[in-house]
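Data block below; observations after.
Laboratory data are not the source of any read-out in this text; all were calculated from the coordinates shown. The model shown is predicted, which means the values in this text are computed figures rather than measured ones. Counting neighbours? That spans all protein chains shown, and the Cβs are built from the backbone with ideal geometry, glycine included.
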Amino acid sequence: MKNVFGFWRKKGNGSVSVSVPDSDNIPKHVAIIMDGNGRWARKLGLPRIVGHRNGMKAVKRATIAADELGISVLTLYAFSTENWKRPKDEVDFLMSLPQEFLALELEELIQKNVQVRMMGHTEELPEHTISAMEEAIERTKNNTGLILNFALNYGSHREITECVKELARDVKDGKIQPEEITQDMIGSGLLTGGLPDPDLLIRTGGELRLSNFMLWQTAYSELWFTDLYWPEFGREQLFAAVTEYQRRTRRYGGLS
């Protein structure tokens, strides 16, 4: 059903009938806010960490489907700068998931020509988390297929603030004048510098907000929300989101 904000929101158990999207109009960059692991587990009477572990399976399904569609970049919101507020045992478990996921899936990602990247603020991350990500990044750096970009300890407010600080330092040092600052300079100074802005943003779990995720980059992204929890997300749902994306006309403030 279509809600009052004009965004499409899928309801039900996720069993949707959808054809393969038009290969001539595939979004280059799809970003996903992976929400609802804990609520999925609670619905089944299971511990929250079971939801997070099953969320890893959804990451694999989404990655395979994105690769099948020919999407160039898939950015997954894995852990936000605000998620440190959660109980320590849950945070510790979440910090172990990159290591666990990559131990299981890295070889297949390499075979599928996937390039792993990470964006976020590494200062607070445990060494084992950083090491797992660095190994995956190093071993896939020459791959030329899908870019699988994990947003880990990422927050858009902090990202933009750090970018502004860097530009302020350049002005102070006389490298640029304030009037020379452009939108392109800001965009290239963000953690996504060098990547296209997301064409399509997906959020699972039924919430209708961006939660401090890529606020600059999603200014003109198409938004698609589903009530399904992230562990329930798979190929069918990604295809449905891309099919809906293809029905829309992107005008960027102009006329079609």
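Of the residues S96, S80, S23, which exhibits the maximal mean-square fluctuation in a Gaussian network model of the chain defined by a 10 Å Cα contact cut-off?
Among S96, S80, S23, the largest mean-square fluctuation in the Gaussian network model of the chain belongs to S23.
Using θ = phi - 60° and the Karplus form 6.51 cos²θ - 1.76 cosθ + 1.60, what ³J(HN,Hα) does each residue of segment 180-185 get, whole Hz, x for Gly and Pro?
So the Karplus estimates, Gly and Pro as x, are 8, 5, 10, 4, 5, 5 Hz.
In deg cm²/dmol and to the nearest 500, what is the mean residue ellipticity at 222 nm of the chain if only DSSP H runs of at least 4 residues count, each as -39500 (n - 2.57), divided by the residue total?
When only DSSP H runs of four or more count, the value is -13500 deg cm²/dmol.
Modelling each spin label as a point 7 Å along the Cα-to-Cβ direction, I'd like the R86/H157 distance in nm, to one decimal.
Going from the R86 label point to the H157 one covers 1.9 nm.
Check N153: other-chain or 5+ apart residues with amide H under 5 Å from its amide H, H built from backbone geometry?
F79, S80
Go through (i) 18.6, 60; (ii) 22.6, 83; (iii) 18.2, 57 and flag the label whose value is the computed Rg and Dmax of the Cα atoms in Å for this structure.
Only one listed value fits the structure, namely (i).
Can you work out the Karplus-derived ³J(HN,Hα) for every residue in segment 118-135? Use 6.51 cos²θ - 1.76 cosθ + 1.60 with θ = phi - 60°, whole Hz, and x for glycine or proline.
Each residue's phi maps through the Karplus curve to give 9, 10, x, 10, 7, 4, 8, 6, x, 4, 5, 5, 4, 4, 4, 5, 4, 5 Hz.
Taking chymotrypsin sites (Phe, Trp or Tyr not before Pro) as exposed when DSSP calls them loop (any state but H, G, I, E, B) and at most 10 other Cβ atoms lie within 10 Å, what is the longest stretch of the chain free of them, the sites themselves excluded?
Formally, the longest exposed-site-free interval is 6-251.
Would you mind telling me which residue in V30, V73, V50 has the biggest mean-square fluctuation in a Gaussian network model of the chain, where springs connect alpha carbons within a distance under 10 angstrom?
V50
Choose one of L238, L201, G189: the residue whose Cα lies farthest towards the positive end of the charge dipole of segment 182-244 (beta-carbon charges +1 Lys, Arg; -1 Asp, Glu; about the Cα centre).
Going by the charge dipole, the pick is G189.
Anyone know which of R158, R235, R86 comes out most mobile in the 10 Å Cα GNM of the chain?
Highest fluctuation of the listed residues: R86.
Would you mind checking K141/K165; K141/K175; K57/K85; K112/K141 for any pair whose Cα atoms are more than 22 angstrom apart?
Exceeds cut-off: K141/K165; K141/K175; K57/K85.
In segment 196-230, whose amide N lies under 12 Å from the spot 7 Å out along Cα-to-Cβ of I186? List them in ranges.
215-219
If r is the Cβ-Cβ distance from E134 to R248 and R0 is 41 Å, what FRET efficiency results, to the nearest 0.05?
Given R0 = 41 Å and the Cβ-Cβ separation, E is 0.60.
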